[in-house]
1. Which one of the conditions (1) surrounded by 15 or more Cβ atoms within 10 Å (Cβ to Cβ); (2) under 21 Å from the mean Cα position of the chain (by Cα) does PHE305 fail to meet, given that it meets all the rest?
2. In region 5-64, which residue that is among the hydroxyl-bearing types (Ser, Thr, Tyr) and in contact with a Phe, Trp or Tyr (Cβ under 9 Å, 6 or more places away or on another chain) is least open to solvent (accessible area, probe 1.4 Å)?
3. Within region 335-359, can you find the residues that are farther than 24 Å from THR307 by Cβ, open to solvent by less than 50 Å² (accessible area, probe 1.4 Å) and over 27 Å from the mean Cα position of the chain (by Cα)?
4. Among the residues of region 258-282 satisfying the criterion of being within 29 Å of the chain's Cα centre (by Cα) and among the hydroxyl-bearing types (Ser, Thr, Tyr), which is least open to solvent (accessible area, probe 1.4 Å)?
5. Cβ-Cβ under 6 Å, sequence separation 6+ or interchain: first residue in region 61-78 and closer than 16 Å to ALA94 by Cβ and modelled with pLDDT of 90 or more, partner among the acidic types (Asp, Glu) and surrounded by 15 or more Cβ atoms within 10 Å (Cβ to Cβ). Which pairs?
6. Only helices (runs of 4 or more DSSP H) wholly contained in region 47-137 count here; list those with 2 or more residues that are within 17 Å of ASP408 (Cα to Cα).
7. Kindly evaluate LEU122 against the criterion of being open to solvent by 20 Å² or more (accessible area, probe 1.4 Å), in contact with a strand residue (DSSP E or B) (Cβ under 7 Å, 6 or more places away or on another chain) and either farther than 22 Å from GLU213 by Cβ or among the polar types (S, T, N, Q) (or both).
8. Would you tally the residues in region 206-244 being part of a helix (DSSP H, G or I) and among the basic types (Lys, Arg)?
Amino acid sequence: MYMWNGLGQHTNATQTSRAIASLYALLGDFDRQGGNVIFPKVAVNEVDGKEFLPKETAALRIGRERKPLGPPAKPGNCTAYDVFTAILEERPYAVKALLNFGSNTIMSNADSQHGREALKALELAVAADLFMTPTAALCDYVLPATSFLEMSNLTTAFEHRRQGKTHVQYRPAVVEPLAERRSDTWIIFELAKRLGFGEKFWHGDITAGYAYELQPSGITLEELKNSPGGISRPVEATFQKHAAKHKDGVPRGFATSSKKVELYSHVFAANGYPAMPEYIEPAISPVSRPDVAAEFPLVLTNAKFTTFVHSQQRALPSLRKASPQPTADIHPETALRYGVKHKEWMIVESPRGAIKVQARVTTNIVPGIVCCQHGWWQECEELKLPGYNPYESSGANPGTLIGADLADPVSGSLPHRSYLCRVKPAE
């Protein structure tokens, strides 16, 4: 069970995910063969560097004051909208500089206008990317990044399959970086050296870093380099690891204060959240906000589609031919009600903004729903197909339709997949 965007991009994401996890536990299907199993991995040294950050500093991480049980606390991530607030309002403290590695932040987050204001307000903004994205265009410096063919990489586990979890692979660079392109790793290692942290970054030797990462696995970097397809180290799968007993005979249990599955969470209760998983209607829906739904009666959601990856590749003719224009899915009944026709342009409008997309009338979506795509900005010169302004209503960026004012109180998730909108034919 992978609880990803379909459950996560809502204002009730945490309670929904807790309910599903609780169901697994109640059925006895957690970490049991045929159930939701935690597969073993090859042992490696962690290289995320979290041990270098003092606990006192980690406690100040942006967003933690609002989400004490959420990602700012564990694993230690900040939402983009909290970073924007820190830049513009200097709370909980001021952010003056930002290094952005391959993240088209403007196109991949809600409230793109707010993001633009924040990036423009920085004293120093640097992007490392392959293209001049809308995000890179707002930075003071843009560093030319390598493509995956121009850099080596080490993967110590692959997702989703049991066999992949215990497969290790080294991927060499196919060609030397063209011009002055550099990998993200090289940039970080060089920056660390110049800031006086070279010793913690193997004095800039990326290969030495790979070797350190592999040490516990019993696989050397040279062995991997001589095995282009990678090396598998099958680890016998053990189930119900929570039932394994310590030397004193006490079961290992779970990572909770009671060591048990806590259907009633004392930690949630202590922080003012519902202690039992309970259904919470999305913050803006026909049920929770009938006043808004009176003007915006359709449910707005979004989904990726397989032609492109996020905001990339729309400049490639071979792919753009397959999906030449930004579209939004709508059911025939809904399209008929609002005068929208298949493959004709329509306006999708929310309480926060509007975009212009082509209607894709399909029975693959239920009536009353509009499903948009994110990532449209890039032109395709060879096919003479345009790019799209990421901030204007003439563009196709659904990030302008959603704000950051309504969020899951625990995780901070935004309602990208449960908002309200209306449609009309474009003039």
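The values are calculated or read from the model by the stated rules, or taken from the named source; none is laboratory data. What you see is a predicted model; the values in this text were computed from it and never measured. Virtual Cβ from ideal backbone geometry, glycine too; neighbours counted across all protein chains shown. Side chains are part of the model used for accessible areas, which takes the heavy atoms of the whole protein and leaves out ligands, DNA and RNA. Shrake-Rupley method; radii C 1.70, N 1.55, O 1.52, S 1.80 Å.
1. If we test PHE305 against (1) surrounded by 15 or more Cβ atoms within 10 Å (Cβ to Cβ); (2) under 21 Å from the mean Cα position of the chain (by Cα), just (1) comes out false.
2. Once the filter is applied, the top-ranked residue is THR14.
3. GLY339
4. So, considering only residues that are within 29 Å of the chain's Cα centre (by Cα) and among the hydroxyl-bearing types (Ser, Thr, Tyr), the one least open to solvent (accessible area, probe 1.4 Å) is SER265.
5. Here the result reads ILE62/ASP82; GLY63/ASP82, each pair linking region 61-78 to a residue that is among the acidic types (Asp, Glu) and surrounded by 15 or more Cβ atoms within 10 Å (Cβ to Cβ).
6. Counting at least 2 such residues, we get 80-89.
7. Considered against the rule, which asks whether it is open to solvent by 20 Å² or more (accessible area, probe 1.4 Å), in contact with a strand residue (DSSP E or B) (Cβ under 7 Å, 6 or more places away or on another chain) and either farther than 22 Å from GLU213 by Cβ or among the polar types (S, T, N, Q) (or both), LEU122 comes out as no.
8. 2
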